[in-house]
Amino acid sequence: MMTRPEPFTYGYARVSTDGQTLEAQVAQLERAGASRVFQEKVSGAKRERAQLTRLLATLNPGDVVLVTRLDRLARSTVDLLNILGTIADKGAAFRSLTDTWADTTTAHGRLTLTVLAGLAEFERELIRVRTGEGRARAKARGVKLGPHFKLTPHQRQEALRRREAGEETLTEIARSYNVSHSTISRLKP
């Protein structure tokens with residue numbers, strides 16, 4: 001019978017630029033008990049972070065993810081909550097060394113993060129409602145929503161005529177209207 005391995009504490013260290021160093025974060029995470037530290041040099045604004053993805057895939061129930069500060073893990077509250085949701089779905093826990101309230105290994109930490117998640121969801125709903133109301137008001141005023149045409153109806157008709165005549169390339173026609181050749185190629189008769 002195969003037994004489940006002991007829970008691990010994994011560290012995650014990230015810096016934004018090549019000029020920064022990971023050494024201080026790694027040392028701090030190891031002192032706090034991380035048996036393995038996933039490290040990467042990538043902007044927090046990037047959605048795809050290979051080492052974070054690898055860390056999340058490695059997690060088993062009972063494991064703990066450890067970071068030095070929350071901004072090393074997430075670029076926004078919504079991003080943080082999504083990552084923490086993934087960690088929780090794996091049955092693992094999360095702890096930030098600097099932001100002591102962000103600790104799902106304790107009941108107080110779980111409560112705090114649950115309240116934050118509720119507030120973020122509430123804010124998303126408010127934004128959705130405000131956006132919908134704004135769109136409805138704009139439609140009532142006669143505003144056409146969606147992309148704007150790059151060519152006037154007359155220009156579209158003339159460009160289509162020139163394209164169909166075949167005397168000029170798409171690039172030449174497009175250049176005369178200051179648009180891309182794909183705009184001319186997409187014109188419908």
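The values are calculated or read from the model by the stated rules, or taken from the named source; none is laboratory data. Since the structure is predicted, the reported quantities are computational estimates derived from the model, not experimental observations. All Cβ positions, glycine included, derive from the backbone under ideal geometry; neighbour counts span all protein chains shown.
Here is a list: Ala74, Ala34, Ala13. Which entry is part of a loop (DSSP other than H, G, I, E, B), at pLDDT 90 or above, in the same structural domain as Lys90 (by TED's automatic domain parsing) and surrounded by 15 or more Cβ atoms within 10 Å (Cβ to Cβ)?
Values: Ala74 fails: at pLDDT 90 or above; Ala13 fails: part of a loop (DSSP other than H, G, I, E, B).
Sole residue among the options that is part of a loop (DSSP other than H, G, I, E, B), at pLDDT 90 or above, in the same structural domain as Lys90 (by TED's automatic domain parsing) and surrounded by 15 or more Cβ atoms within 10 Å (Cβ to Cβ): Ala34.
Just name the residue that is surrounded by the fewest Cβ atoms within 10 Å (Cβ to Cβ) out of those in region 153-189 that are part of a loop (DSSP other than H, G, I, E, B) and of a type in the set (Gly, Ala, Ser). Give the derivation first.
Pass one, region 153-189, residues part of a loop (DSSP other than H, G, I, E, B): 166-169, 178-180, 186-189.
Filter once more, so that each one left must be of a type in the set (Gly, Ala, Ser): 166, 180.
On the way: Gly166: 7, Ser180: 14.
Here the residue is Gly166.
Annotation: Ala136 fulfils all but one of (1) assigned to a helix (DSSP H, G or I); (2) surrounded by 11 or more Cβ atoms within 10 Å (Cβ to Cβ); the unmet one is (2).
For Leu145, the conditions (1) farther than 30 Å from Ala102 by Cα; (2) part of a helix (DSSP H, G or I) all hold with the exception of (2). Does Thr21 fit the bill of being touching a helix residue (DSSP H, G or I) at 6+ places or on another chain (Cβ under 7 Å) and surrounded by fewer than 16 Cβ atoms within 10 Å (Cβ to Cβ)? So Thr21 fails the test.
Condition (residue is without any contact (Cβ under 8 Å) to a residue 40 or more places away in the chain and either in a helix (DSSP H, G or I) or farther than 26 Å from Ala24 by Cβ (or both)) applied to region 92-106: is it met by at least one residue? For region 92-106, residues without any contact (Cβ under 8 Å) to a residue 40 or more places away in the chain and either in a helix (DSSP H, G or I) or farther than 26 Å from Ala24 by Cβ (or both): absent. Restricting Arg130, Arg156, Arg124 to residues that are more than 14 Å from Pro189 (Cα to Cα), among the basic types (Lys, Arg), free of Cβ contacts under 8 Å to residues at least 60 places away in the same chain and out of contact with any helix residue (DSSP H, G or I) (no Cβ under 8 Å at 6 or more places or on another chain) narrows the list to Arg130. Checking the stated criteria, Asp63 turns out to be among the acidic types (Asp, Glu), in contact with a helix residue (DSSP H, G or I) (Cβ under 9 Å, 6 or more places away or on another chain), modelled with pLDDT of 90 or more and surrounded by 14 or more Cβ atoms within 10 Å (Cβ to Cβ). Of Ile87, Ile127, all but one fail to be in a helix (DSSP H, G or I), within 19 Å of the chain's Cα centre (by Cα), surrounded by fewer than 16 Cβ atoms within 10 Å (Cβ to Cβ) and not small (Gly, Ala, Ser); the exception is Ile127.
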